[in-house]
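Comments concern the structure below.
The values are calculated or read from the model by the stated rules, or taken from the named source; none is laboratory data. As the structure is a computational prediction, the values presented were derived from the model and not from experiment. Note that we place each Cβ from the backbone using ideal geometry, even for glycine, and neighbour counts take in every protein chain shown. Ligands, DNA and RNA are stripped out before the accessible areas are found, and what is left, the full protein with its side chains, is counted by its heavy atoms. Shrake-Rupley method; radii C 1.70, N 1.55, O 1.52, S 1.80 Å.
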Amino acid sequence: MGLNDVSVLIPSSAAEAVEAFGDGKDVTVVAGGTIVVPELASGRLRPKSALYLGRAGLSGISRKDGTVTIGAATPVSDLVDADPPLAQAATHVGDLEVRAQATVGGNVCSASTDDTPRGDLQAALIALGASVRSAGKGGERSEPLETFLAEGAGRLVLDVSYDDAPRAAGYAAVWRPHTHHYTILAVAAAKRDGELRLAATGVAPRAVLLDADDPLAGLELRDDALASAWYRTQLLPRLVERALTDLEGGS
Amino acid sequence: MAKHTGRGISAIEYPTGMNQNGDPSQAWIKIKPDGRVDVFSGTADIGNGSKTIQSQIVAETLGVPYDWITYDNSNTDSSPVCTGTFASRATFVAGKAVEKAALSAKQKLLEIAAKELEIAPDDLEVVDGEVIAKGAPQKKIGVPDVAAAATWTHGELITGTGAHLNPYAAIVEPETGKVDSPPHAAISYAACAAEVEVDDETGEVRVVHLWQAFDVGRAINPTLVEGQIQGGALMGLGLGVLEECYPYYPSAEHRGGEFGSYLAPGIKGLPKIDTIIIENPSEAGPYGAKGISEMANNPQPPAIAAAVFDAVGVWVTELPVTPERLLRALEQKEQGPRRDGKWVIFDEDISVNTVAAGESRFRFPVG
Amino acid sequence: MKLTVNGIDHEVESHALRPLLHVLREEVGITSPKAGCQQGGCGTCTVLVDGEPRRSCLLPLAAVDGAAITTVEGLGTPEQLGPVQAAFHEHYGSQCGYCTPGFLLATHALIGRSPKAGRSEIEEALAGHVCRCTGYVKIVEAVEAAVGGAS
Amino acid sequence: MKAVGARLPRYDGVAHVTGRTQFVDDVRVPNMLWAKALRSPLHHAGIAKLDTKKAAAIKGVHAIVTWQDVPRLVYGHLEALGIPGDEPLLAKDEVRYKGQPIALVAAEDEETAQLATEAIEIDLDERPALFDVRKAADPDAPQAHHWGNWYPHFEAEMDVRQIRKGDIDRAFDEADAIVAGVYRPAAIEQVPMETQIALAVPEPSGRLTIYSCTQALYFSMGVVAAHLEWPLNKLKFVGGTVGGGFGGKVDTAAETVSALAALKAGRPVKWRWTREEEFLCSSTRAPWHMEIADAVTKDGWILGRKMLTLHDAGAYARFSPYGVTKHSFHHTGAYTIPNLHFDGYVVFTNRVPTTAMRGFGVTSVSFATEMHVSRVAEVLGVDPFELRLKNANRIGDTSPNGIAYTDPSTVPTIQSIAGAIGHELPGGYGAMTRDAREGDLLPEHLVAQVGEVTH
């Protein structure tokens, strides 16, 4: 069985996409393709069918009724001028060409590998208190991003949204200088009406909401090709401090 | 956040040509009826520019314009032996072979020209594509006319072959390493300075500036040799602070197959790179050239690591100087080396003595 | 599906999820985009899609149905080099040549959207392109020359 | 008009910038098959079963090559230099590193070839693996190689590369201080942008044309000819235009097995390694372990050096013994150290075999020596430029193996760097030359080592 045996569905609307996705069994979703296409091309991933989202109209950012909604197929490059700390996180996804291709939905669904962390946007969106609207088994539903991530993948993300309200934001991350920016660890912070939300990418397969008083609490940090758990343990409190300094400077 | 800057230096040497030698290169040249020159060499161009360098050597040696040269290294049916592009030998050893081939073709060219001009070959020289009588420049014939005469009048092919081989240097005393002849074609030299910026909270090391001085013997093409030194500089930066196949060495875990997990240097944050070319001609190399492309990535890692010491006072002796290694070294900064009599002992934790069994041959005498 | 490659229309039959890189190399017969990593990591496969630089190894054919693709063959010819090609040649921005088509296309697009791009913009635009030979020094010089020539 | 010394344009520059340079992957021949390898998933294992029948029956599969198809299975790249062969072209009864090739499938397309590799039936008995060179000599270390855990075939069948010069004990006795340190540069990947690739085309004449990315056409052709037991004139290597090598394309990686597959299938076969294979299965620069103890005087003379080097060869010897020899010849760096005691071992582990990379054998020792010299300067409180210039090799000084230096440039390159960064050199060091030693710069301990410069 090769790529030619994969049936491809190319829905032309969100509704068609939801229907085509069904309960998601044996369906691989292809949006920007930056993660999935190499897997398909190499044969490491051999699904029965694939859903290409590029023409389903799920792209775009809207601000309406106090809510910012970002369609799943919106390219990451459209977020480089978004609200902080999302903008900072978006700026460091891949490079300019990959950002233009990678989508918000793909980033939200991605998980770090044994080699490298992924999902730069996740922490920033958690800090913003974003919720995810998705389809799949049991029908459409919305939930906080951190809840969605904790459950793992397997659903079709339709959009991500958060309150369009003034807030202070902060961001701190470590990349390796002199090389393309693979984020080792990033902390995003947002504060609104006195409520601080702090989240991190690079501490687990998917981003998590941190306890602001004890950021390392409950975390099981991992080794990967870029950094060890030990190093991330050293780094996390320092990045929390830097993100909060950034947040205070920006408020 | 505390950032510190520091500088470090290094000085290195490197053998040009395969160490112990014994590796030949050969070339041959033919001149077409219109004077254009075909060079056949077996040297692979891996980006180092050997097609260009060897063409320049032929143009210079024959005395014809560079754009008259056609260079063919494409296959083993038409090109003779070149052991290969390694050991910094493509300019030195293989370049010497094409120089000799060009000298031999030039001799043939002069013999034909001598017949046409009725002047002895030894009294002729080739300048800018013309064969000219020494001391009587009005007596001349264009190389195209010589080539035509060879073809159509004299029934000759102007051709030349050349080969270069530095004899194999045998180790005659295995106990001491003594050799029976020089084990290198030449030795090249370089020095380097590095300036770094170190963040002592995150352990990040940013290389800000690299200065490099290389004795290249003779720069056949100064721009290409600069390109080798600059390319080597960034590879040296990679060795110094970025690259490792086994991030948990000696464990083989987390050896990644992705570009994202192997940190080859990118263009972002490119340090300032100053290149100084020194020309102390080698006696044996073509036009005095030495080979420097390999050693171009050797001086930066120690200069960078010394600069890190200058910045934050710790020696990181396992490369690359990753943020993690730096933070771990900073944690133990106060310890310093152990002193035992006149011994000053660094790095006991990674010595063979820490893990090797008592009777192991792999023990090192310290203290 | 349809592709216009360097101004010439092609009907292609590859699978909708076949990476554009493979379609160009194996079906259309254009070999300047290279399969350097096929992971989106190295930039050797970059082409212009409707004028924007994209990694052809990551793009499923379905995403470019009807699009205009430019490869380095579309920037100029050996007889008449395009300005970015000329700048890379004159400034020795290429050693082994394998990464060169990707760098040229990314630079061409950069100058198109930012004719006076400065050093940091240049580094940002080329950050996803790996060159193992040059140390980027002469690449930066070539791009700066191309930018200077354009502005 | 001078050609030498001129900034002439690159010969291949126009082809590069127009995308017309033809690399192996760009060659188009009709009826071409694609190849994929079955590689070891384990670091060390016995092969209990290898059965290709099911894989061969897959539609579109034209040839599967295993060790049984190789006329001469074991051929050492440096047999001509006295380094015997130890590595089978394809694994026979054992795999010694993760990624070691076991079989190659040639099929209509890469996908079919890949699927067929997965259909090859193989049983492996996992064995303990060795990764730490420091433990290789321990009695309880797992055995990584049939020769033992370190290379035993240096001249006179010695199992160590030695350098001995002068009187090392006296140097250590007379020293004011002895500075010891350990240096461990990592294994790194060459990362050429073009991965390993070969295209083998059977010709009607019975010859084979092999399009190759090798850095060494004749060298690789010799390797293929040896494995096939063919005369050279039955082979034609086409190449010379390589998408980066840095030493990684000196090993003949893809050519021989592709050739065997093409012969078996009777059709052209292309084997293009993926980037994952390049990173995980291709040979690397070796990790090195180097320990140095220098006997020094308080005013900055290096009287003697003891050094122990363990070179991690990975699973097979390849060029490693040569690399350690080169390393030993240069273990004093750019300095003249008259009393030496060097022991270097080529240690086998269950790592991907290591090989040449830019600066082979010397990059490691340049790092170790220079770090060490910087430390010595720090310990003694001597200016690091001064310490280097003082001990810098000079015309007539002799190398570790007794060869007199004819044209050393250590002095001018260091002076040049001092000038570039604005470091004022102390005393007479700014005016120092590379000429033969005399006066204060020829102290008693350096007299005996001075050799005769022959030109």
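So, in segment D:399-411, of the ones that are open to solvent by 10 Å² or more (accessible area, probe 1.4 Å) and touching a strand residue (DSSP E or B) at 6+ places or on another chain (Cβ under 6 Å), which residue ends up farthest from the other protein chains (Cβ to nearest Cβ)?
It comes out as D:Ala404.
What pairs can you find where one residue is in segment D:231-246 and within 19 Å of B:Ala90 (Cβ to Cβ) and at pLDDT 95 or above, the other is in a strand (DSSP E or B) and aliphatic (A, V, I, L, M), and their Cβ atoms are less than 6 Å apart, with a gap of 6+ or different chains?
D:Phe237/D:Ile210
Quick test of your reading of the structure: A:Gly129 fulfils all but one of (1) open to solvent by less than 30 Å² (accessible area, probe 1.4 Å); (2) outside any strand (DSSP E or B); (3) farther than 19 Å from A:Ser59 by Cα. Name the failing condition by number.
For A:Gly129, the exception is condition (1).
Under the condition of being β-branched (Val, Ile, Thr) and part of a strand (DSSP E or B), which residue from segment C:1-32 is most open to solvent (accessible area, probe 1.4 Å)?
Of everything passing the filter in segment C:1-32, C:Ile8 is most open to solvent (accessible area, probe 1.4 Å).
Looking only at segment C:96-114, which residues are facing another protein chain (nearest Cβ under 9 Å), part of a loop (DSSP other than H, G, I, E, B) and touching a helix residue (DSSP H, G or I) at 6+ places or on another chain (Cβ under 7 Å)?
The one that is facing another protein chain (nearest Cβ under 9 Å), part of a loop (DSSP other than H, G, I, E, B) and touching a helix residue (DSSP H, G or I) at 6+ places or on another chain (Cβ under 7 Å): C:Gly97.
Would it be correct to say that D:Glu444 is away from every other protein chain (no Cβ under 11 Å), out of contact with any His (no Cβ under 9 Å at 6 or more places or on another chain), more than 30 Å from B:Trp343 (Cα to Cα) and among the acidic types (Asp, Glu)?
no
Taking the stated definitions as given, is B:Ala113 in contact with a helix residue (DSSP H, G or I) (Cβ under 7 Å, 6 or more places away or on another chain), among the aliphatic types (A, V, I, L, M) and surrounded by fewer than 20 Cβ atoms within 10 Å (Cβ to Cβ)?
When the stated conditions are applied, B:Ala113 does not pass them.
Among A:Arg99, A:Arg118, which is the only one that is open to solvent by less than 30 Å² (accessible area, probe 1.4 Å) and of a type in the set (Lys, Arg)?
Answer to the selection: A:Arg99.
Out of the residues in segment A:18-64 meeting the condition of being among the small types (Gly, Ala, Ser) and farther than 27 Å from C:Gly41 by Cα, tell me which one is nearest to the other protein chains (Cβ to nearest Cβ).
Across segment A:18-64, the extreme among qualifying residues is A:Ala56.
Being among the small types (Gly, Ala, Ser), at the interface with another protein chain (Cβ under 9 Å from one of its Cβ atoms) and either free of Cβ contacts under 8 Å to residues at least 40 places away in the same chain or surrounded by fewer than 21 Cβ atoms within 10 Å (Cβ to Cβ) (or both) narrows it down to one of D:Ala187, D:Ala156, D:Ala175, D:Ala180, so name that one.
Answer to the check: D:Ala156.
Scan (1) of a type in the set (A, V, I, L, M, F, W, C); (2) at pLDDT below 95; (3) within 30 Å of B:Lys272 (Cβ to Cβ) for the single condition D:Leu441 breaks and write down its number.
(3)
State yes or no: is D:Arg28 surrounded by fewer than 17 Cβ atoms within 10 Å (Cβ to Cβ) and touching a helix residue (DSSP H, G or I) at 6+ places or on another chain (Cβ under 6 Å)?
It is false that D:Arg28 is surrounded by fewer than 17 Cβ atoms within 10 Å (Cβ to Cβ) and touching a helix residue (DSSP H, G or I) at 6+ places or on another chain (Cβ under 6 Å).
Picking from A:Gly136, A:Gly106, which residue would you name as being touching a residue at least 40 places away in the same chain (Cβ under 8 Å), out of contact with any helix residue (DSSP H, G or I) (no Cβ under 7 Å at 6 or more places or on another chain), closer than 21 Å to A:Val30 by Cα and not hydrophobic (A, V, I, L, M, F, W, C)?
A:Gly106
May I ask you to say which residue of D:Ala253, D:Ala226 is at pLDDT below 95, open to solvent by 10 Å² or more (accessible area, probe 1.4 Å) and more than 10 Å from every other protein chain (Cβ to nearest Cβ)?
The match here is D:Ala253.
Show the residue pairs that are 6+ apart or on different chains and have beta-carbon atoms under 6 Å apart, the first residue being within segment B:45-71 and touching a residue at least 60 places away in the same chain (Cβ under 8 Å), the second being surrounded by fewer than 24 Cβ atoms within 10 Å (Cβ to Cβ) and part of a strand (DSSP E or B).
B:Gly63/B:Val126; B:Gly63/B:Val127
Can you name the residue in segment B:116-129 that is more than 19 Å from B:Gly160 (Cβ to Cβ) and touching a Lys or Arg at 6+ places or on another chain (Cβ under 9 Å) and, of all such residues, is most open to solvent (accessible area, probe 1.4 Å)?
Only one residue fits best here, namely B:Asp123.
Whether any residue in segment B:232-243 is open to solvent by less than 10 Å² (accessible area, probe 1.4 Å), over 30 Å from D:Tyr97 (Cβ atoms) and within 7 Å of another protein chain (Cβ to nearest Cβ) is what I want to check.
There is at least one residue in segment B:232-243 that is open to solvent by less than 10 Å² (accessible area, probe 1.4 Å), over 30 Å from D:Tyr97 (Cβ atoms) and within 7 Å of another protein chain (Cβ to nearest Cβ).
So, B:Thr153, is that one open to solvent by 10 Å² or more (accessible area, probe 1.4 Å), among the polar types (S, T, N, Q) and within 27 Å of D:Leu340 (Cβ to Cβ) or not?
no
Just one of (1) at pLDDT 95 or above; (2) crowded, with 19+ Cβ neighbours inside 10 Å; (3) out of contact with any Leu (no Cβ under 8 Å at 6 or more places or on another chain); (4) on the phi > 0 side of the Ramachandran plot trips up A:Gly94, so point out which.
Single failed check for A:Gly94: (1).
Within segment C:59-73, count every residue that is closer than 9 Å to C:Asn6 by Cβ and surrounded by 21 or more Cβ atoms within 10 Å (Cβ to Cβ).
Of the residues in that region, 3 qualify.
What is the number of the single condition among (1) within 14 Å of chain C (Cβ to nearest Cβ); (2) among the acidic types (Asp, Glu); (3) within 19 Å of B:Lys108 (Cβ to Cβ) that B:Glu60 does not meet?
(1)
Does segment D:76-94 include one or more residues that are within 13 Å of D:Arg39 (Cβ to Cβ) and basic (Lys, Arg)?
no
Please determine whether any residue of segment D:343-355 is farther than 28 Å from D:Pro88 by Cβ and either within 8 Å of chain B (Cβ to nearest Cβ) or β-branched (Val, Ile, Thr) (or both).
Looking for residues that are farther than 28 Å from D:Pro88 by Cβ and either within 8 Å of chain B (Cβ to nearest Cβ) or β-branched (Val, Ile, Thr) (or both), one finds none in segment D:343-355, hence no.
Out of B:Lys96, B:Lys51, report the one residue that is under 17 Å from the mean Cα position of the chain (by Cα) and at the interface with chain D (Cβ under 9 Å from one of its Cβ atoms).
B:Lys51
Assigned to a loop (DSSP other than H, G, I, E, B), aliphatic (A, V, I, L, M) and surrounded by fewer than 24 Cβ atoms within 10 Å (Cβ to Cβ): which single residue out of B:Ala311, B:Ala284 fits that description?
Matching residue, one of B:Ala311, B:Ala284: B:Ala284.
What are the residues in segment B:42-63 that are farther than 17 Å from D:Arg10 by Cα and crowded, with 24+ Cβ neighbours inside 10 Å, if any?
Once the filter is applied, which keeps residues that are farther than 17 Å from D:Arg10 by Cα and crowded, with 24+ Cβ neighbours inside 10 Å, segment B:42-63 yields B:Gly42, B:Thr61, B:Leu62.
Return the residues of segment A:159-204 that are of a type in the set (Asp, Glu) and assigned to a strand (DSSP E or B); say none if nothing qualifies. Steps first, please.
Keep residues of segment A:159-204 that are of a type in the set (Asp, Glu), which gives A:159, A:163-164, A:193, A:195.
Within segment A:159-204, A:Asp159, A:Asp163, A:Glu195 qualify.
Could you tell me which numbered condition D:Phe131 fails, if it satisfies all but one of (1) touching a Pro at 6+ places or on another chain (Cβ under 6 Å); (2) in a strand (DSSP E or B)?
Evaluating D:Phe131 over (1) touching a Pro at 6+ places or on another chain (Cβ under 6 Å); (2) in a strand (DSSP E or B) leaves (2) as the failure.
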